[in-house]
Amino acid sequence: MYQDLIVVTGAGGFIGGHLVADLLRQGHTHLRAVDCKPLSQWYQRFPEVESRRLDLSLREACYEALDGAHTVYNLAADMGGMGFIENNKALCMLSVTINTHALLAARDLGIEQYFFASSACVYAADRQTSADVIPLRECDAYPALPEDGYGWEKLFSERMCRHFREDFGLYTRVARYHNVYGPHGTYQGGREKAPAAICRKVIEAKCSGRHEIEIWGDGHQTRSFMYIDDCIKGTQDILHSDILEPINLGSAQLVSINQLVDIVEDIAGVKLRRNYNLAAPKGVRGRNSDNTQMLAELGWEPNIRLEDGLEKTYRWIYDQMVGALQVPTLAA
Ligand code: NAD
């Protein structure tokens, strides 16, 4: 049976790889996966999917990538955890070329549905100064004071999606992801985010016998973390919804970084001495997702418990590290 072509950009990355896997599970056969990384470096690859290496910051590459598509999930971005985005603001802002060219291609090629992955980093910093944070509502992005670099790019690209919808009639949907984690993502090298970084550090400490861990900041900063399966469901629900403006897609289970470490220690069965690095990048003081709109519009919110998602993430990172002989084999 003929199926409309779905294109996933950033498909060699963490979320894009899981989205392609889920679309395949649902029976979609007409899929194109695009990323600028060499295919050997993609987290997940599927022989039945057309996989293309293209640099989508280039206009021609976007037209090539989107050619013949019905639906586009645009997840490609130069990004990482706080350590990366605080030190690479220009690189983060350059993702605007991806979104600009992808939107132009979508308009000119008559794409039916276009999804853009925005971020909680669009929210105004002055609403995130306390660990006991009031969950962020969609309207809290304005007056604008987003995370410098990465957040400004996301806010601008959100805005472009809105104006391409209003001025050119392009069907655009935008989700603001809040800290997504899970297996098949970055856990080392400088782009990793807190859950994966903490899993890796706990595994290193456990396996080396040096029972200590470095924590960025004082450990009291708070966040919510969404397991990848919730992100993949929410992404598709939002694309197919009538929600025109950017909407939160995040867990509302608020934890401090210390609590995150507690959970990973429990999974690993160790207790570590904590060394707090107050000079390290730490981002805003507190951030949580207000899911009122999501519940009202979609009757659902991310609900996979952090304890359950972290267990799977820890096991996967452990297997990668032991498999790559980065740590000696010990009981996980
Ligand atoms: P990721 O880094 O694992 O994946 C992004 C992919 O985009 C990478 O594989 C990268 O090679 C690719 N890419 C970068 N520049 C490209 C280019 N010029 N052409 C083609 N491909 C390019 O990140 P992720 O966690 O999977 O994030 C996916 C999307 O979700 C991104 O837009 C990100 O900003 C957004 N987001 C993620 C989170 C999170 O917690 N992971 C939170 C908020 C928003």
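The values are calculated or read from the model by the stated rules, or taken from the named source; none is laboratory data. Worth saying up front: this structure is predicted, and the values here are computed from it rather than measured. Neighbour counts run over all protein chains shown; Cβ positions are idealised from the backbone, glycine included. These area figures cover heavy atoms from the full protein model, side chains too; ligands, DNA and RNA do not enter into them. Shrake-Rupley method; radii C 1.70, N 1.55, O 1.52, S 1.80 Å.
For segment 116-130, state whether one or more residues are within 22 Å of ASP4 (Cβ to Cβ) and within 12 Å of the ligand (Cβ to nearest atom).
yes
If we keep just the residues of segment 203-215 that are surrounded by fewer than 23 Cβ atoms within 10 Å (Cβ to Cβ) and aliphatic (A, V, I, L, M), which is nearest to the ligand (Cβ to nearest atom)?
Ranking the qualifying residues of segment 203-215, first place goes to ILE213.
Looking for something more than 28 Å from LEU298 (Cβ to Cβ) and either open to solvent by 10 Å² or more (accessible area, probe 1.4 Å) or aromatic (Phe, Trp, Tyr) (or both) - is there at least one such residue anywhere in segment 172-186?
Of segment 172-186, the ones more than 28 Å from LEU298 (Cβ to Cβ) are 186.
Restricting the remaining residues to those that are either open to solvent by 10 Å² or more (accessible area, probe 1.4 Å) or aromatic (Phe, Trp, Tyr) (or both) gives 186.
Yes, that holds for at least one residue.
Among the residues that make up segment 19-39, is at least one of them polar (S, T, N, Q) and closer than 16 Å to VAL180 by Cβ?
no
Please work out which residue is nearest to the ligand (Cβ to nearest atom), limiting yourself to segment 131-144 and to residues that are open to solvent by 10 Å² or more (accessible area, probe 1.4 Å) and among the small types (Gly, Ala, Ser).
ALA144
Can you name the number of the only condition in (1) surrounded by fewer than 24 Cβ atoms within 10 Å (Cβ to Cβ); (2) within 16 Å of the ligand (Cβ to nearest atom); (3) not in a helix (DSSP H, G or I) that GLU158 fails?
The number of the failed condition is (3).
How about segment 223-332: which strands (runs of 3 or more DSSP E) wholly inside it have at least 3 residues that are touching a residue at least 12 places away in the same chain (Cβ under 8 Å) and farther than 19 Å from ILE198 by Cα?
247-249
Using the structure shown, decide if ARG274 is touching a strand residue (DSSP E or B) at 6+ places or on another chain (Cβ under 7 Å), surrounded by fewer than 16 Cβ atoms within 10 Å (Cβ to Cβ) and of a type in the set (D, E, K, R).
yes
From the set of residues in segment 1-15 that are open to solvent by less than 20 Å² (accessible area, probe 1.4 Å) and touching a helix residue (DSSP H, G or I) at 6+ places or on another chain (Cβ under 7 Å), which is farthest from the ligand (Cβ to nearest atom)?
ILE6
Considering only segment 121-130, how many residues are modelled with pLDDT under 95, under 22 Å from the mean Cα position of the chain (by Cα) and not in a helix (DSSP H, G or I)?
Here the count works out to 2.
Output yes when any residue across segment 68-90 is without any contact (Cβ under 8 Å) to a residue 24 or more places away in the chain, open to solvent by 40 Å² or more (accessible area, probe 1.4 Å) and closer than 23 Å to HIS28 by Cβ, and no when none is.
Within segment 68-90, none of the residues are without any contact (Cβ under 8 Å) to a residue 24 or more places away in the chain, open to solvent by 40 Å² or more (accessible area, probe 1.4 Å) and closer than 23 Å to HIS28 by Cβ.
Which one of these is under 25 Å from TYR187 (Cα atoms) and open to solvent by 10 Å² or more (accessible area, probe 1.4 Å): LEU104, LEU109, LEU58, LEU54?
Just one listed residue meets the conditions, LEU54.
List the number of the failed condition for ASP242; all other conditions in (1) open to solvent by 10 Å² or more (accessible area, probe 1.4 Å); (2) at pLDDT below 95 hold.
Of the numbered conditions (1) open to solvent by 10 Å² or more (accessible area, probe 1.4 Å); (2) at pLDDT below 95, the odd one out for ASP242 is (2).
Given the conditions (1) surrounded by fewer than 22 Cβ atoms within 10 Å (Cβ to Cβ); (2) under 19 Å from GLN221 (Cα atoms), report the number of the one that GLU147 does not fulfil.
(1)
Condition first: near the ligand (Cβ under 9 Å from one of its atoms) and open to solvent by 30 Å² or more (accessible area, probe 1.4 Å). Now tell me which residues in segment 16-46 satisfy that.
Residues satisfying the conditions are CYS36, LYS37, GLN41, TYR43.
What is the residue count in segment 131-147 for residues that are in contact (Cβ under 8 Å) with a residue 60 or more places away in the chain, part of a loop (DSSP other than H, G, I, E, B) and not β-branched (Val, Ile, Thr)?
Looking only at that region, the number is 5.
If LEU260 passes every condition in (1) under 21 Å from ALA141 (Cα atoms); (2) buried (at least 19 other Cβ atoms within 10 Å of the Cβ) but one, which one does it miss?
Unmet for LEU260, out of (1) under 21 Å from ALA141 (Cα atoms); (2) buried (at least 19 other Cβ atoms within 10 Å of the Cβ): (1).
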